[in-house]
Amino acid sequence: MGILKSTPDAGALPGLDGGVAAQLRAACGEDSVQLRSIDRLAVAHDASHYLLVPQAVVTPRTANDVASVFTVAGRAGIPVTLRSGGTSLSGQAVGAGLLVDVRRHFRRVEVLDGGSRVRAGSGATIRQINARLAPHGRALGPDPASEIACTMGGVIANNSSGMACGTGNTSYQTIESMTLVLASGTVIDTGAADALEVLSQKEPSLVEGLVNLRRKIQDSPDFRAEIARQFSMKNTMGYSINAFTDFDSPVDILTHLIVGSEGTLGFVSDVVLRTVDVQPFAATGLAVFPRIADATDALPALINSGARTVELLDAAALKVAQQLPQAEASLRNLLIGEHTALLIEYQGASPEETTERISAAEKLLSSLSLSAPVELTTDPARRRAYGPSAKGSTPLLPEPAHRAPPRCSRTLWSQCQS
Ligand SMILES: Cc1cc2nc3c(=O)[nH]c(=O)nc-3n(C[C@H](O)[C@H](O)[C@H](O)COP(=O)(O)OP(=O)(O)OC[C@H]3O[C@@H](n4cnc5c(N)ncnc54)[C@H](O)[C@@H]3O)c2cc1C
């Protein structure tokens, strides 16, 4: 402690050039640039196994501040990484250049049209946005299990989805427009009536590039067929290049290309999305099978029975889940060998509809080769207890089944506190 008191940055890591730091402070405010090792180490990891210590952490307040950061960093040749909830599993939210915290000051949520649309700041968490939509019986389409800590910007940039999202309710399918800051510093609202005019005037070569790429793809039956094939199934990896076959306008193409671009094409300040209906009456059950093949064989029938979500927990995940304090006795007492479980949920618009679905599902479940009978429960407390089995077990899994270190659960927890 004595050493820390006498030297503010004991054992300082090599950091950002003083001149660049001064330019960033002039642009974003004196308190917006952190150079101390402790601040940089605090964001040197996300939920992956990567460790990259940034030269500085910048916390801009507005889209224009972010534009200034891009300009200063571009001139100095320093790479920029945007970081929001920091829950990425593959190192997307860490970098060795400038780390820009885009979560803190971009959290505004505005419910539009009685909840059928929402304008969300990129730093608002999915849970915060859904809490505002809940009174209207609506929710965001993308539903990642990390919703308590991950944010709108991260979901758009990672093209994150979840158990009930399918291919129809993804960010790509539900996004209407966004306020975007490009690497050049141009700020554009893609929902504005004059968006194409503004983009063409400020970014002529970008517009030309998008038009040319679209033409090249449209002119090639092979490209078109490959894109159609790739995106006919759930495909949330990488750039959404289906934008070139789905849209004509460069503004719409750009808006949709941002989905899945992992912060490489620009900063999303806020987005307008269409929302989806919430089916409020649900029943959940954990079906445990002797082997993984038994579980996967049962999937087509379960999907056809109207299951809204089916999540697979392999033996490693089950071993973690059975140690969670809320694990039910049947799971706690299971001697796990090659067992695999499916966490199944049925939903309905009314209690009657859900009851009907439960009866049909119970007939199906009793015909499957399960390790133990499964009960579909509508009891909110028991249903909540199932949640962490799937959501909480991933980061706790031991190596080599999953390489994320156990600190991830703490990461999520600490982010929820701030
Ligand atoms: C326990 C756990 C469960 C998870 N479950 C799921 C799941 O069910 N489904 C799923 O898809 N993923 C899941 N993930 C992965 C991760 O949570 C998601 O990808 C999440 O959407 C990332 O959001 P974030 O706010 O944490 O973004 P970050 O990790 O901070 O950033 C993600 C990427 O987005 C970029 N970015 C962030 N904000 C912006 C912005 N405003 N503009 C432009 N680019 C930006 C960053 O540069 C980075 O490339 C899970 C992770 C954990 C730890």
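Overview of results
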{"item": "The chain: most fluctuating residue of R229, R25, R117 per GNM, C-alpha cutoff 10 Å", "result": "R229"}
{"item": "L112 long-range amide H proximity, modeled H, under 5 Å", "result": "R117, V118, R119"}
{"item": "Net dipole in debye of region 109-276 [+1 Lys, Arg Cβ; -1 Asp, Glu Cβ; about Cα centre; nearest 20]", "result": "420"}
{"item": "Computed over region 273-351: relative contact order in percent, which uses C-alpha pairs under 8 Å that are six or more apart", "result": "55"}
{"item": "Positive dipole terminus of the chain, leading residue within Q322, A307, I217 (C-beta point charges)", "result": "Q322"}
{"item": "Hypothetical label at R382: residues of region 293-330 whose amide nitrogen lies under 13 Å (7 Å Cα-Cβ projection)", "result": "328-330"}
{"item": "Degrees between helix 407-417 axis and first principal axis of the chain (Cα, 0 to 90, nearest 10)", "result": "70"}
{"item": "Nearest 10 degrees, 0 to 90: helix 292-304 Cα axis against the chain principal axis", "result": "90"}
{"item": "Percent RCO, i.e. relative contact order, over region 2-101, from Cα pairs under 8 Å lying at least 6 residues apart", "result": "29"}
{"item": "Phi-based couplings in Hz for region 186-203 (Karplus 6.51, -1.76, 1.60; Gly and Pro marked x)", "result": "5, 10, 9, 9, 6, x, 5, 4, 9, 4, 5, 4, 5, 4, 5, 6, 8, 10"}
{"item": "Pairwise FRET efficiency - L51 versus Q218, Cβ, R0 = 56 Å, nearest 0.05", "result": "0.80"}
{"item": "Cβ-placed point charges (K, R +1; D, E -1), dipole of the chain about Cα centre in debye, nearest 20", "result": "960"}
{"item": "The chain, relative contact order in percent, only Cα pairs under 8 angstrom and at least six apart counted", "result": "14"}
{"item": "Signed unit charges on C-beta, dipole axis of region 109-276, positive-most listed residue V155, H136, V271", "result": "H136"}
{"item": "Where Cα atoms sit under 26 Å apart: lysine pairs in the chain separated by 8 or more or lying on different chains", "result": "4"}
{"item": "Dipole of the chain, positive end: most advanced residue of P14, F106, S366 [Cβ charges, Cα centre]", "result": "P14"}
{"item": "Listed peptides 161-171, 82-92 by packing density, highest first (mean Cβ within 10 Å)", "result": "82-92, 161-171"}
{"item": "Cα long-axis angle, helix 221-232 against the chain (0 to 90 degrees, to the nearest 10)", "result": "60"}
{"item": "Region 281-391, dipole about Cα centre (Lys/Arg Cβ +1, Asp/Glu Cβ -1), debye to the nearest 20", "result": "300"}
{"item": "Inter-part distance where region 190-267 and region 352-380 are each reduced to a Cα centre, Å", "result": "44"}
{"item": "Simple label model, 7 Å out from Cα along Cβ direction - T167 to A76, nm", "result": "4.5"}
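Only the coordinates and a few stated rules stand behind these numbers; no lab work does. Note that the structure is a prediction, hence the values are computed from the model and not measured. For neighbour counting, all protein chains shown are included, and Cβ atoms are generated from backbone atoms with ideal geometry for every residue, glycine included.
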